[in-house]
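The structure appears right after this line, and notes come after that.
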Amino acid sequence: MNRRNFLTAIASATASKALALPQKRRVAVIGHTGRGNYGHRLDVAWQKIENCQIVGVADASERGLQEALKRLDLSHGFSQYTEMLKALRPEFVSITPRHADQHREMMLAAIHSGARGIYVEKPFCRSPAEADEVLKAARQYGVKIAVAHRNRYHPALFQIDQLLANHSIGRLLELRGHGLGDRRGGGEDLWVLGCHVLNLFHYFAGEPRSCSGILLQDGEPLTRKDIRPGAEGLGSLGANEIHARWHMQSGLIAHYTTFAEDGSDKRGYAAHIIGTKGTISIQIDRDPVAWLSPGNPFDPASRNTPRIPITSSGLGQKETRHDLIAKVHNHALAIEDLILAVDEDRAPMCDGNQGAMTVEMICSVFESHLQGGTHVAFPLQQRDNPLDKL
């Protein structure tokens, strides 16, 4: 579905059409306590959808399984998700663990079990090769996959689209993103936090054409001795500082920087759209999610006007759809869209292809570093994690 059409629809609450369906949609939840748990509450999110019934949960941790049974009001669960999928044959599967090394196998198992829709925690998987395999299977079996980049569903994005279409910030110059700046800064930040920003780059500027980047460890280029197993099942990883640049389909250049413990008090985590007459800042998972800072970004004297919030109602307007914003944060809006995508035989708003692109953008930074910071073209020829070769 065209993003503008979808955001227009949710702004008028027509996405609630999904709730009017008479039959209960059967949902199975896959979690793994101690190995990514249930992500950002991707299990209980389904309880907020009136026409959905959670029929099963699987968790390899017995303690975690018992807690999930209480939380989801179920009497019986499974220690193996493959057994659950075989026994229950759910229509929808929620793949909730944050640890990305499990996502490929879980998604493939859900696809082969006959599921029609999958909602998966980010990052989508660990490499373009894994993404290729999952997307091929999903196409073969007609399965819709949605990825939990929930900011993509925020109705304020439609208002930003309108501002850009009206040239409200003048000529677009570049996109800039920055990491959270905590202990994860560098490689881990790029994977688990940067993926949200890269997803927004893709949203506003199209697919990347090429990437150049450098990975640094304590100020020096990353080498083999700096590689370690990444947290949260991310695979080979390193660097506590990264500088990356993508040439996007629209012609814009998008930049992402991330530093460990950068002293920013976690205030820098955002995607910025920079124009000659102002800057739009999208602050991931915050309310208001976006702000317009009027004025020439290179002339402090022209930026005396206070920044202006961008809400679902428009520039400088009070937020009136708090119910809708809550559904963005608790994933209900994304799940409703997934259900509609299955019923209407269309791609979800943030589908598997979108999730796969964030993975490829991340791996392109690693590949460029291995090639001395040179530009690497998309699609990547190297489909595995490039850091495995360092």
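The values are calculated or read from the model by the stated rules, or taken from the named source; none is laboratory data. Predicted model only: the values in this text are computed from it and were never measured. Neighbour counts are summed over all protein chains in view; Cβ atoms, including those assigned to glycine, are modelled from backbone coordinates with ideal geometry.
Odds and ends about this structure:
- In segment 209-230, the residues that are crowded, with 18+ Cβ neighbours inside 10 Å, in contact with a helix residue (DSSP H, G or I) (Cβ under 8 Å, 6 or more places away or on another chain) and either assigned to a strand (DSSP E or B) or not assigned by TED's automatic domain parsing to the domain that holds ARG245 (or both): CYS211, SER212, GLY213, LEU215, GLN217
- Flag for SER250 being in contact (Cβ under 8 Å) with a residue 40 or more places away in the chain, over 24 Å from GLY179 (Cβ atoms) and in the same structural domain as PHE204 (by TED's automatic domain parsing): no
- Candidate set from segment 254-282 (those that are among the polar types (S, T, N, Q) and assigned to a strand (DSSP E or B)); member that is farthest from HIS369 (Cα to Cα): THR279
- Scanning segment 236-247 for residues that are touching a residue at least 40 places away in the same chain (Cβ under 8 Å) and either of a type in the set (D, E, K, R) or surrounded by fewer than 18 Cβ atoms within 10 Å (Cβ to Cβ) (or both) turns up just one, GLU241.
- Residue check: THR33 meets all listed conditions (1) at pLDDT below 95; (2) over 15 Å from LEU340 (Cβ atoms); (3) of a type outside the set (A, V, I, L, M) but one, namely (1).
- Residue satisfying condition, being crowded, with 24+ Cβ neighbours inside 10 Å, out of contact with any Phe, Trp or Tyr (no Cβ under 8 Å at 6 or more places or on another chain) and assigned to a helix (DSSP H, G or I), within set MET107, MET84: MET107
Yes/no matrix, rows are residues, columns are (1) free of Cβ contacts under 8 Å to residues at least 60 places away in the same chain; (2) buried (at least 17 other Cβ atoms within 10 Å of the Cβ); (3) outside any helix (DSSP H, G or I):
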position: PRO309; (1), (2), (3): yes, yes, yes
position: ASP323; (1), (2), (3): yes, no, no
position: LYS327; (1), (2), (3): no, yes, no
position: ILE335; (1), (2), (3): no, yes, no
position: ASP343; (1), (2), (3): no, no, no
position: GLU360; (1), (2), (3): no, yes, no
position: GLU367; (1), (2), (3): no, yes, no
position: ASP388; (1), (2), (3): no, no, no
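- Test: ARG63 is over 20 Å from HIS329 (Cβ atoms), out of contact with any Lys or Arg (no Cβ under 8 Å at 6 or more places or on another chain), basic (Lys, Arg) and in contact (Cβ under 8 Å) with a residue 12 or more places away in the chain: yes
- Scan of segment 238-285 for residues that are at pLDDT below 95 and basic (Lys, Arg), ordered by number: LYS266, ARG267
- Qualifying residue in segment 145-155 (condition: at pLDDT 95 or above, surrounded by fewer than 20 Cβ atoms within 10 Å (Cβ to Cβ), at negative phi and part of a helix (DSSP H, G or I)): no
- Members of segment 231-253 found to be within 21 Å of GLN381 (Cβ to Cβ), not in a loop (DSSP other than H, G, I, E, B) and not charged (D, E, K, R), listed by number: SER236, ALA244, TRP246, HIS247, MET248
- Single unsatisfied condition, SER293 versus (1) touching a strand residue (DSSP E or B) at 6+ places or on another chain (Cβ under 9 Å); (2) in contact (Cβ under 8 Å) with a residue 40 or more places away in the chain; (3) hydroxyl-bearing (Ser, Thr, Tyr): (2)
- Residue check for ALA165: within 17 Å of the chain's Cα centre (by Cα), over 26 Å from HIS243 (Cα atoms) and of a type in the set (Gly, Ala, Ser): no
- Looking across segment 110-133, the residues that are part of a loop (DSSP other than H, G, I, E, B) and either buried (at least 20 other Cβ atoms within 10 Å of the Cβ) or among the β-branched types (Val, Ile, Thr) (or both) come down to SER113, ALA115, ARG116, GLU121, LYS122, PRO123, PHE124, CYS125, ARG126, SER127.
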